[in-house]
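Here's the structure we're looking at; comments come further down.
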Amino acid sequence: MNTFDTDVLIAGGGPVGMTLALELARHGVRSIVAERNTSTTDHPKMDLTNGRSMELFRRLGIVDKLRAVGVAQSEPLDIVWATGPLGHVLHRFAYPAPQAAAEITRLNNDGSGTREPSMRVSQIVLEPVLKQEIDASPAVDVRFGWKYTTLEQDGESVTATLVNSETGEEVLVRSRYLVGCDGGGSKVRRDLGIDLEGQHAIAQAFMVHFQSEDVDTLGRFGLAYHLQTLKGTMIAQNGRDIFTLHVVGCSPDSDPAELLRDFVGRDFDFDILVANPWTPHVVVATAYRSGRAFLCGDAAHQFVPTGGYGMNTGIGDAIDLGWKLAATITGWGGAALLDSYDTERRITAIRNRDMAFGHLATRLAINEQLALHAADASIDEPDAADRRIALGHAIRDLGNAENESWGIEHGFRYENSAVNVDDGIATDFDPMRCQGHILSGGRLPHVVLNDGRALFDLLGPGFTLVAIGTFDLTGFAEAAADIPATVVSLERESVLERWPSRLILVRPDQHVAWHGTQVPEDWRSIINIATGRSAA
């Protein structure tokens, strides 16, 4: 049996696994990506890459390639509740198109927005872009059509068996670390003996992915991003002719064509591309690490799709774990660094899981209102206008937090992490808002400087010390001599005056490791904490 050696074996080549490989490659670390399927997915598992994920993809240098395959940035992200595609709009939650959202963020420039706006894109078209990137990387050995089957680990390495899905050929891969990015049914997670906590099978749903050019039927209110009715949610995947319908509470044996006709209210022209039942879970792994093996993405957490936190949380996992693995493998990361992955990302997943479940409760509350008032066909009659208005107001009042939770998406903070220097600032997390403050463990706020440059674009691939004003940084240069570090010196300017801190040490993942108003007496202790060489 042939044996291959690498730094990191990534079991699973979905968007999270491929992002992890790109992050490792960015730091010069080799990986093998083993994916049991021979090609990227043909299932529309997600439809929105949020602003934080797009920031991270920009950091990897691929954001323009992703936008080239996504829905045009001029298309809005409106969420429409209606009596039916052929009926009446009850309420429209109107959101600016990404292009407009980026301009609003630039004009506000208060640190509450993201460097990149979100992007409507189906996972079906996102994954091939990531695949092209890992195929082109000399640091990534891409093995689609190879499935992970077993692992053994000791204090120095992990040895895993891969099997060719078509030929049955087996190979051994010996790696310094292994990461399970192999989805909700993760074989890696099961082999590690790690359980899931939360609720399984909270509903029965059915997905119909279809193509139709019948704009008169499906686009009566404009091709809204989401069109939601009592009978289901229809997602405009590409803004033109590809759609996905999700129906909850129906039989797994449902006829997908009948589900489409029932949702619309009459027959229309369509071609079904993919259709299947699915079962949502709200679970998080009890641990993200066992020895030299880690879990990432859906292998570590599964949410209901309300809020779109699934893949986006996984992208955050991949970046967090990727730079920490790279630091350890290349020799400048200490023991506490890899331990912090579980500390930081698991609590993030628990919060996101609970928030997504709360969004589902809001949807169910809206459905109750619809069942009371909109199930009667007379709701679309001319004399029912007052009833429709009242129902629309009820929907408006229940809100649409699942598309407005900026705190969850990019305003969160890694608290109680051993690799962030405690700043003593207590905060109450607001899931709906990004405060735009400098906090230890928080994401560096995005601001545009007087010369038009975004602060995010000045950050280096490793640690970055942002110095606002004039300081003697000789001590920092000496303490950081053995780690990848960049210094960004800025003049005092109005957009930065809201931050009391004049010195900000930013981690490779754009989160703040330490901040202060003046040069510290001991840079070495700060660097040791931030790199995991000593605990905070």
Local charge sum around residue 147 (other residues, Cβ-Cβ under 10 Å, Lys/Arg +1, Asp/Glu -1)? +1
Applied in sequence order to region 293-302, the curve 6.51 cos²θ - 1.76 cosθ + 1.60 (Karplus, θ = phi - 60°) yields integer Hz couplings, x standing for Gly and Pro, of 10, 10, 10, 8, x, 4, 5, 9, 7, 9
Simple spin-label estimate for residue 372/residue 174, 7 Å along Cα→Cβ, in nm, reads 6.8
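Sorted by mean Cβ packing within 10 Å, highest first, what order do the peptides 383-391, 347-355 take?
So the peptides 383-391, 347-355, ranked by packing, come out 347-355, 383-391.
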Give me the lysines in straight-line cross-link reach of residue 147: C-alpha distance below 25 Å, same-chain residues under 8 apart excluded. 45, 131, 187
From fewest to most C-beta neighbours within 10 Å, the residues 250, 181, 434 line up as 250, 434, 181
Using only alpha carbon positions, build the gyration tensor of region 1-127, then give the equivalent ellipsoid semi-axes as the square roots of 5 times its eigenvalues, largest first, whole angstrom. 35, 21, 10
Binned Cα-Cα distance frequencies in region 418-495 - 5 Å width, integer %: 3, 11, 19, 22, 22, 15, 6, 2, 0
Roughly speaking, what is the stretch gain from residue 470 to residue 190, that is 0.36 nm per residue apart minus the C-alpha to C-alpha distance, in nm to one decimal? 95.4 nm
What fraction of the DSSP beta bridges in region 413-530 is antiparallel, stated in percent and rounded to the nearest 5? 65
Need the full-extension length gain, residue 430 to residue 276, defined as separation in residues times 0.36 nm minus the C-alpha distance. One decimal, nm. 51.8 nm
Cβ-based net charge around residue 443, under 11 Å, with every Lys or Arg adding one and every Asp or Glu removing one: +1
Which order do the peptides 153-164, 33-44 take when ranked by the mean count of other beta-carbon atoms within 10 Å per residue, highest first? 33-44, 153-164
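Each reported figure results from applying straightforward, stated rules to the coordinates on display, with no laboratory input. It should be emphasised that the depicted structure is a prediction, and the values quoted were computed from it without experimental measurement. Cβ sites come from the backbone with ideal geometry, for glycine too, and all protein chains shown count toward neighbours.
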